[in-house]
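Every read-out reported here was derived from the displayed coordinates using simple, explicitly stated rules and does not represent laboratory data. No experiment lies behind these values; they were computed from the predicted model shown. All Cβ positions, glycine included, derive from the backbone under ideal geometry; neighbour counts span all protein chains shown.
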Amino acid sequence: MLDPSFIQLSFIACAAITGIVMWAGREVRKQGGTEAPAASKEFKSFQRLYLTVYLVAMFADWLQGPYVYALYASYGFTAGDNATLFVAGFGSSMIFGTFIGSMADRIGRKKSASLYCVLYIVSCMTKHVSSYPMLMIGRVTGGIATSLLFSVFDSWLVCEHNARGFPSELLSGTFGLAIFGNSIVAITAGFVSQFAADMMPLSPPPGESPQIHVGGYCGPFDVSICCLIACGLLISSTWTENYGEQQSAVKTTQIEAIKEAGQIVLDSPDILCCGIVCSLFEASMFIFVFQWTPLVTDPVGPKPPYGTIFAVFMVACMLGSRLFSLATQFMKVERVGQGLLAIALFAHAIPVLSTDNTTCFLAFLLFELSVGIYFPMMGTLKSTIVPEGARSTIYNLYRVPLNFIVVGALCVKIEARTAFMFTSVLLTAALVAQTSLVAIIGSGRNAKASYESVGGKMDDMEMGAETVGAPQEVEHH
């Protein structure tokens, strides 16, 4: 049985190690003489501008997570109904996400980030109605909003960073701070959503339709709406617009733009390998989210404190983000990717081999650490490998197989350990793809020829193996 005191000790240990790693990172940068150029006022101001908006957007997303299906259950829907709603969210992201990404490149990333706020507000508003069709609409709009959240914000950052002439080496620092702050935001959102849910009981307001509800599990979604409104206002008042497609005499339709982006991926080994890693790792991560609970629960004992376990996971993720920043002082980014995938594979193999709750818990901490390394690593790789002209489109193309795998895993009900056997296979394939990517970057090959073959302009690209492989020097405060 997993001892609650061991969970608390793990939290303290992860937090302490995170502090040590942060101190070590500062010392390494000082000795290397890299702190001064990274500390430019203009860059730090830009970094704060992006992170403020991004973390508010993520806070709105995290607020909803713990109560989506608790709300559905309180409305009397069955587990099967809930599963269908869940599949609808991933399915809509898979079906509409690519078109949304292409649209973002064409109409602008700032407008598309604002659209994220609007769509997610609509999704939150539907949670007040205990009507299955209305909730389904909310899942669809929420799925599309998720596609925007995980593609448009990164695309805006990369384009704006380059447009303002900041050194490309500093971009990984922003990605690292984003995942570090995201972990803090996730923990905070857990407490805030609990408080909002406990403020008043779930009930229909006086004189209204019995299908309309307020209070209770609707509370976190109302707080999320407020955050999304604030996020939209911040975007409109602080962000400038940037685009993917360049203005030219030849205009392409959205379908043509998607086809061209797909051709870029297929013709460019580095972009293809990057997409394989992205899809397989993140699919494994989502499957992990659905399956970790039973493996840390003793079937005959009391349930462990899931909220505390989640908090420990997030601290481990914070530790991973700081390890990324430290590791890139000594290693190439793509090599860091190899290491984290090996760690993730090891972590997912342990639940297949062990039935001990504590052992599985430690394995999951190791996986969350790899997640903290993964997101800044992948953000940095994509920023240098994926061409600017089709960035949002390609980012969403990467999510198509991801969502397909997750939807398939949800539709085929499998036991938790079988699920981890499957994710171990996915992570093995991801590690092979990352190893291939390391070889491609080492050989100096990139996506230049592929992008030019479909009419891209090389001045839109931040390409080159030298950029990807360079040690990253960042200022964290």
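Relative contact order for region 252-471: 39 percent, from Cα pairs under 8 Å spaced at least 6 residues apart, divided by residue count.
Normalised by the number of residues in the chain, the average gap of Cα pairs under 8 Å and 6 or more apart makes the relative contact order 27 percent. Take the Cβ atoms of GLN263 and ILE107, set R0 to 22 Å, and the FRET efficiency comes out at 0.50. Only helices reaching 30 angstrom along their own axis (Cα) with mean Kyte-Doolittle hydropathy no lower than 0.5 count here, and for the DSSP H runs of the chain these are 4-32, 79-107, 171-198, 269-295, 306-327, 333-353, 357-385, 391-411, 416-443. Subtracting the Cα-Cα distance of ILE414 and ARG26 from their residue separation scaled by 0.36 nm leaves 135.1 nm.
Could you sort 146-152, 225-231, 88-94, 10-16 so that the peptide with the highest average Cβ count within 10 Å comes first and the rest follow in order?
146-152, 88-94, 225-231, 10-16
One entry in [x] 23, 60, 17, 0; [y] 23, 51, 25, 1; [z] 18, 39, 19, 7, 7, 6, 3, 0 is P(r) over Cα pairs in 20 Å bins from 0, in percent calculated from the shown coordinates; its label is [x]. Region 352-369 and region 114-179 have Cα centres spaced 31 Å apart.
Measure up LYS44/LYS110; LYS111/LYS332; LYS332/LYS382 against 23 Å on the Cα-Cα distance and list the ones that go over. Checking Cα-Cα distances, LYS111/LYS332 exceed 23 Å.
The loop-placed trypsin sites (Lys or Arg not before Pro) in region 345-420, going by DSSP, that have at most 11 neighbouring Cβ atoms within 10 Å of their Cβ come out as LYS413.
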